[in-house]
Amino acid sequence: MAAASPAPAAGRGTADLLVWRPFLVRAAVSAVFGLVTIFWREPSTLVMSVAGGLYLLLVGAAYLWAHRMTHWGSQGRLLTDIGGGLLLGAGIASFVFVDDRSFAFAGAVALVVAGAAELVRGLAVRTHAAARDLVVVGVVGMVTGGILPFVEQLGAHALLGVTGGGALLTAVVLGIAGLSYRHDSALGALPGSGAAAEPDPVN
């Protein structure tokens, strides 16, 4: 008897794949911010605070959108809520305190905690479609945040460069993942796509 052909997105729950929406939003925000940090040659502290603050606010919102989806279960929920809240708080702090030190240390705390929360969740939900993506972006966030305080003395250009580098890496990972999950989700939504193919009779 011939083997049945696998259904699209085999092994991935439909609910798991819905994470493509916040992933793509976060990837788009990260990509735009990363490109701004590359092409803005000599940013002032004001530019850093506004651009960086807006980035942290939008990424924080997309972060919470992704991690508040019910399909994750309860693993790491408190940590991701704290991480998302710190990203939003760091964004607000960047607007209120327009200086290098505030951006460096508020951003560092937010990125490290949010990254650690994603790493923990990714390791906790190994069977989830996006588990590996969370581990990668979690590590990227922790490394980015860990570097920020050490380049604070170098000024706005260095701070934006480090943050923008991490943002671009995140954009690549989540962009590829989001497009992949979107494709699989669309295939899984096709009529009859979830039904197992009937085996061909063998004479």
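Just to check your reading of the model, which residue among 90, 15, 9 is surrounded by 22 or more Cβ atoms within 10 Å (Cβ to Cβ), among the small types (Gly, Ala, Ser), modelled with pLDDT under 90 and touching a helix residue (DSSP H, G or I) at 6+ places or on another chain (Cβ under 6 Å)?
None of the other options fit; the residue is 9.
Yes or no: residue 114 crowded, with 16+ Cβ neighbours inside 10 Å and touching a Phe, Trp or Tyr at 6+ places or on another chain (Cβ under 9 Å)?
yes
Give just the number: which of (1) of a type outside the set (Lys, Arg); (2) over 23 Å from residue 98 (Cα atoms); (3) in contact with an Asp or Glu (Cβ under 7 Å, 6 or more places away or on another chain) does residue 124 not satisfy?
Here residue 124 meets the rest and fails (3).
Could you tell me which numbered condition residue 127 fails, if it satisfies all but one of (1) of a type in the set (S, T, N, Q); (2) surrounded by fewer than 17 Cβ atoms within 10 Å (Cβ to Cβ); (3) at pLDDT 95 or above?
(3)
Which one of these does residue 142 not meet: (1) closer than 16 Å to residue 23 by Cβ; (2) at pLDDT 95 or above?
Status for residue 142: all satisfied but (1).
Which of the residues belonging to the range 32-73 are at pLDDT 90 or above and among the polar types (S, T, N, Q)?
Correct list: 37, 44, 45, 49.
Mind listing whichever residues of the range 80-97 are more than 13 Å from residue 56 (Cα to Cα) and part of a helix (DSSP H, G or I)?
Applying the first criterion (more than 13 Å from residue 56 (Cα to Cα)) to the range 80-97 yields 80-82, 96-97.
Across the range 80-97, the qualifying residues are 80, 81, 82, 96.
The values are calculated or read from the model by the stated rules, or taken from the named source; none is laboratory data. The model shown is predicted, which means the values in this text are computed figures rather than measured ones. Neighbour counts run over all protein chains shown; Cβ positions are idealised from the backbone, glycine included.
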